[in-house]
Structures are given as C-alpha cells and as structure tokens.
Amino acid sequence: MMTNKIILVEDDELFALDVRMMLDGVFNNPDVIHFRTAVEAKQALERQQSQLQLLLIDVVLENDKAGIHLGNFARKINIPVIFMTAYNRDDLFKMALKVQPYSYLQKPFSSTRLKRAIELAMSHTQAKSKQLNTGAILEDFIFLKDRKGVLDKIHLRDIYLLEAFGNYCHFHCENQRYTHRMPLKQFQEYLKSKLFIRIHRNYVINIMHLERIHSIEGFVVVAGQSYPLSDKYKKGLKNLLIKRG
C-alpha cells in the first residue's frame with residue numbers, strides 16, 4: 001500500500017518525529033516527506049502530484065487557515081487529506097469540515113488510530129477511482145461528535161433524519177443520534193445533497209429511507225417511524241420523487 005509518497009506537514013519537530021515512528025511501526029517502509037510549512041508542502045504538491053498518495057496536515061501551521069488552505073488545494077488535485085490538531089476548537093473543526101478530509105485526528109493519537117485513518121482514506125480513494133471509471137457517484141460523508149466528544153465518520157446515506165432542536169440539529173442514524181450546533185435550514189443548505197428534503201419545519205428526511213407517504217393524513221414513514229408532512233412541503237417531495245423516477 002505504501003509504495004507512493006506521504007507528505008507530513010507539521011511544524012512541531014518532535015511530534016513529526018513521533019508520527020514518522022508510528023508510521024514505521026505499522027507500515028512496511030513508508031515513504032514519508034516532512035515539511036514544516038504549508039507553503040513548502042504546496043510547492044511539493046505542484047511538482048509531484050502524480051507520485052503522492054496522502055497528506056497528513058496539522059490544521060494550525062503558519063496561521064489558523066494555512067493547513068485548511070493546503071487541504072483545499074490537495075482536494076482540488078484529488079489527493080486525500082487527514083487533518084491533525086491539538087486544538088479542541090469548533091471554529092477550526094467547521095473550517096476543516098468544508099475540506100471533507102478523510103479523518104480529523106485529535107492529538108495525541110495512537111499508532112493504531114493513525115493506521116486505521118490512513119487505510120480508510122486509501123480504501124475510499126481506491127473505491128472512488130473505480131466508481132469514476134464506471135460513471136458511478138461516491139456518496140459524501142461528514143464527521144460528527146458523539147457524546148464522548150469522539151469524531152465519527154458518517155456517510156450521508158446512513159443518516160435517515162435531521163431534526164431541528166432550537167439552534168441545534170439532531171442527526172438520526174440507525175444505532176446512534178448525534179447533535180451539532182447548527183440550525184436545520186443552514187445545515188440542509190450546507191449539505192447540498194439530493195438525498196435530503198424538508199417535510200416539516202422541524203424535519204428533513206433522507207429519501208433513501210422513505211418507506212411510505214400518507215399525503216391525505218399528512219405524514220410519512222421513514223426508517224419505521226412516522227413524521228408529519230406539512231402541506232407546504234408536499235409539492236417539493238412529490239417533484240423530487242418524480243425526478244428520481
């Protein structure tokens with residue numbers, strides 16, 4: 001797996017050494033190139049795109065946005081990104097989320113956690129390459145914090161309901177519910193996914209989990225549960241289903 005280069009962008013020399021030792025311990029002869037600044041790493045990306053396999057980026061480098069900007073550049077040239085940070089700041093996480101990294105590792109992390117993040121990134125990258133060749137679309141994902149503050153990678157297809165709760169939004173998955181500080185309308189606009197449609201001022205559903213529509217009675221069944229369907233949103237739901245059909 002580790003035949004191509006990994007770029008490690010980390011301004012803390014000691015932590016960079018720790019990461020390289022972790023990589024040496026879990027992979028066979030990893031080819032790792034270390035840069036201390038986003039500027040140096042970007043220059044390397046521009047020179048060696050075809051040889052690169054992955055970027056491990058500290059979120060805060062020269063400034064708060066240097067790592068984010070580098071991640072955005074890498075994404076544009078289809079190189080997977082894993083962010084690392086010692087900061088537990090929501091503003092940094094929200095900025096990083098827009099880059100759609102394959103993982104967001106909170107320092108300190110274990111070699112096992114790093115290994116799994118890299119393997120997950122490479123697995124999805126290989127799957128995406130195969131799907132692009134067949135004209136298929138790889139569904140998006142987001143990272144959400146569980147009750148213990150751990151970031152879980154959640155595929156949009158696995159979220160069956162978004163529920164408004166004041167300035168918060170509940171994300172309902174099969175075996176877990178996540179809560180994020182963002183109004184429902186704002187999050188729906190942020191997702192820009194054709195999977196989700198609003199059915200009520202308090203609910204957005206994933207149509208992949210839609211089981212029944214009771215238009216006259218004014219409710220739908222999603223993942224075995226009934227939710228109200230407002231008159232205001234009936235036409236939008238109907239039009240979306242017609243387009244998909």
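The values are calculated or read from the model by the stated rules, or taken from the named source; none is laboratory data. Keep in mind that this is a model prediction, so the values were computed, not measured. Quick reminder, even Gly has a Cβ in these numbers, built from the backbone with ideal geometry, and neighbours come from all protein chains shown. When the accessible area is computed, the model is the full protein with side chains, heavy atoms only, and any ligands, DNA or RNA have been set aside. Shrake-Rupley method; radii C 1.70, N 1.55, O 1.52, S 1.80 Å.
Just the projected area, averaged over all directions, of the convex hull on the alpha carbon atoms of the stretch 1-94: how many nm²?
5.9 nm²
Aspartates and glutamates near LYS238 by alpha-carbon distance under 17 Å, same-chain residues fewer than 8 away left out - which ones?
Cross-link targets: GLU211, GLU217.
Compare the peptides 62-72, 101-111 by average per-residue count of other Cβ atoms within 10 angstrom and give them in order, highest first.
The peptides rank, most packed first, as 62-72, 101-111.
State the number of lysine pairs found in the stretch 1-101 whose Cα atoms come within less than 13 Å, restricting to pairs 8 or more positions apart or on distinct chains. Kindly include the intermediate steps, with their values, before the conclusion.
Details: LYS42/LYS76; LYS65/LYS94; LYS65/LYS98; LYS76/LYS98.
Lysine pairs, 8 or more places apart or on different chains, close enough: 4.
Using only Cα atoms, what Kirkwood radius does the chain have, in angstroms? Spell out each step's value before the answer.
Numbers: mean 1/r = 0.0505 Å⁻¹.
It is 19.8 Å.
So which aspartates and glutamates can LYS145 reach, going by Cα to Cα under 12 Å and dropping same-chain residues fewer than 8 places off?
Counting by Cα, and skipping residues close in sequence, LYS145 has these aspartates and glutamates nearby: ASP90.
When the chain is fully extended, how far beyond the present Cα-Cα distance does ILE77 get from VAL221, taking 0.36 nm per residue of separation?
Net length gain for the segment: 47.7 nm.
What whole number of Å gives the distance from the Cα centroid of the stretch 4-79 to the Cα centroid of the stretch 92-126?
Taking the Cα centre of each part, the stretch 92-126 and the stretch 4-79 sit 13 Å apart.
Give me the percent of accessible area attributable to carbon and sulfur for the chain, probe 1.4 angstrom.
Looking at the chain in its full context, I get 48 percent from C and S.
Give the accessible surface of the chain per residue, rounded to a whole number of Å², with probe radius 1.4 Å and ligands, DNA and RNA excluded.
Solvent-accessible surface per residue comes out at 56 Å².
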